[in-house]
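Asker: If you scroll down you'll find the structure; I have some questions about it.
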Amino acid sequence: MKFCPTCGNRLISKLIDDTTRLTCKDEACGFIFWNNPVPVVAALVFYQGQYIIARNAAWPKNIYSLITGYLEQGENPEKAVLREAKEELGLEGHVHHFIGNYNFSEKNQLIIAYEVHATGDLKLNHELAEIKHLTPDELLQYDFHPLYITEKIIRDWQNHEQD
Ligand SMILES: [Zn+2]
């Protein structure tokens, strides 16, 4: 971002509360670009005794992860994660448990991950190229590299299973 979205003046770097931030050059305007992270929900979907991982249509071959999506305005994350499972896989689900929150700082996102148990008839939408069905053991052994957030989510999921 180069220009102030409020008044159109140039943005400059300024130290605010010990953090360098982009702010409007015009002090009377006072715009500060906080760059708050965007929440993204992620579903580890359990379906017919196996876990589903998916390759997004925009991703390279062999890169699989969880079902993810943005929240709608006013939507809580539990609702959003079930809506994404419905939209992308065609499945009805319920939240089995919350896995964790993850800072994906490269993309300025906060990933909110859940295990979702789902039923119904699978029907992939255009966002997904392919899916894999993995047993719990296969899921634990699956190499998600370079998706280190997915690796972390699966490790935390495993720790929850062992509690
Ligand atoms: Zn301004």
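Here, each number is a calculation from the coordinates, and none is a lab measurement. Here the structure is a predicted model, which is why all the values come from computation and not from measurement. As a convention, Cβ positions derive from the backbone with ideal geometry for all residues, glycine included, and neighbour counts pool all protein chains shown.
Asker: On a 0 to 90 degree scale, rounded to 10, what angle separates helix 77-89 from the longest Cα axis of the chain?
Answerer: Around 60 degrees separate the two axes.
Asker: Provide the net charge surrounding Ile99, with neighbours chosen by a C-beta distance below 11 Å and charges set as Lys +1, Arg +1, Asp -1, Glu -1.
Answerer: On the way: positive: Lys152, Arg155; negative: Glu115, Asp156, Glu161.
Local net charge: -1.
Asker: Here's something else I'd like to know. Residues with beta-carbon under 13 Å from that of Thr6, excluding Thr6: net charge, scoring Lys, Arg +1 and Asp, Glu -1? Kindly include the intermediate steps, with their values, before the conclusion.
Answerer: Working: positive: Arg10, Lys25; negative: Asp26, Glu27.
Computed value for this residue: 0.
Asker: Set the bar at 28 Å for Cα to Cα. Now go through Lys86/Lys107; Lys2/Lys86; Lys107/Lys152; Lys14/Lys79; Lys2/Lys79; Lys79/Lys123 and name every pair that lies beyond it. All intermediate terms of the calculation are to be shown ahead of the outcome.
Answerer: Values: Lys86/Lys107 25 Å; Lys2/Lys86 38 Å; Lys107/Lys152 16 Å; Lys14/Lys79 38 Å; Lys2/Lys79 35 Å; Lys79/Lys123 20 Å.
Where the Cα-Cα span goes over 28 Å, the pairs concerned are Lys2/Lys86; Lys14/Lys79; Lys2/Lys79.
Asker: Can you work out ³J(HN,Hα) from phi for every residue in the range 92-109, in order, using Karplus 6.51 cos²θ - 1.76 cosθ + 1.60 and θ = phi - 60°, giving whole Hz and x for Gly and Pro?
Answerer: Result, rounded to whole Hz: 8, x, 9, 6, 7, 6, 7, 8, x, 10, 9, 7, 9, 5, 4, 9, 6, 10.
Asker: Continuing with this model, one more query. Compute the angle between helix 148-162 and the longest alpha-carbon principal axis of the chain, please, reported from 0 to 90 degrees and rounded to the nearest 10.
Answerer: 50 degrees
Asker: Dipole of the range 80-121 (Lys/Arg Cβ +1, Asp/Glu Cβ -1, origin at the Cα centre): which of Leu110, His96, Leu82 lies farthest to the positive side?
Answerer: Selected residue: Leu110.
Asker: Let me ask something additional. Below 8 Å, C-alpha to C-alpha, sequence gap of six or more: please give me the relative contact order for the range 74-154 in percent. Don't skip to the end; give the middle numbers.
Answerer: Values: 90 pairs, mean separation 22.0, N = 81.
Normalised by residue count, the contact order of the range 74-154 is 27 percent.
Asker: So what is the relative contact order for the chain, in percent, with contacts set as C-alpha pairs under 8 Å and at least six apart?
Answerer: Details: 297 pairs, mean separation 35.8, N = 163.
Relative contact order, the chain: 22 percent.
Asker: Neighbouring Cβ atoms within 10 Å as the yardstick, rank Ser105, Ser65 fewest first.
Answerer: Working: Ser105 9, Ser65 19.
Listing Ser105, Ser65 from fewest to most nearby Cβ atoms yields Ser105, Ser65.
Asker: Can you give the extra length, in nm with one decimal, that the chain gains between Gln73 and Asn35 once fully stretched, where that is 0.36 nm per residue apart less the Cα-Cα distance? Mind dumping the intermediate values first?
Answerer: Numbers: separation 38, 0.36 × 38 = 13.68 nm, distance 1.80 nm.
Difference between extended and current length: 11.9 nm.
Asker: With r as the distance between the Cβ atoms of Lys14 and Asn62 and R0 = 35 Å, compute the FRET efficiency 1/(1 + (r/R0)^6) and round to 0.05.
Answerer: On the way: r = 44 Å, r/R0 = 1.25.
For R0 = 35 Å, the calculated efficiency reads 0.20.
Asker: Something else about it: Quick one: in the chain, what % of C-alpha pairs are over 27 Å apart?
Answerer: Numbers: 4662 of 13203 pairs.
Value for the chain (Cα pairs over 27 Å): 35 percent.
Asker: Under a point spin-label approximation (7 Å from Cα along Cα-to-Cβ), what is the Phe98-Thr6 distance to one decimal in nm?
Answerer: Taking the simple label geometry, Phe98 and Thr6 are separated by 3.3 nm.
Asker: Where does the chain land at 222 nm, in deg cm²/dmol rounded to the nearest 500, when only DSSP H runs of n ≥ 4 count, each adding -39500 (n - 2.57), divided by all residues? Numbers along the way, then the final one.
Answerer: On the way: 3 runs with 34 residues, N = 163.
Calculated from helices alone, the mean residue ellipticity at 222 nm is -6500 deg cm²/dmol.
Asker: I would also like to ask the following. Starting at the first residue of the range 27-34, write each ³J(HN,Hα) from the Karplus equation 6.51 cos²θ - 1.76 cosθ + 1.60 with θ = phi - 60°, in whole Hz, x for Gly and Pro.
Answerer: Each residue's phi maps through the Karplus curve to give 5, 5, 6, x, 5, 10, 8, 6 Hz.
Asker: Between Lys25 and Gln141, what length in nm is gained on full extension when 0.36 nm per residue of separation is reduced by their alpha carbon distance? Can you show the working numbers first?
Answerer: Working: separation 116, 0.36 × 116 = 41.76 nm, distance 5.21 nm.
The span from Lys25 to Gln141 would gain 36.6 nm if fully extended.
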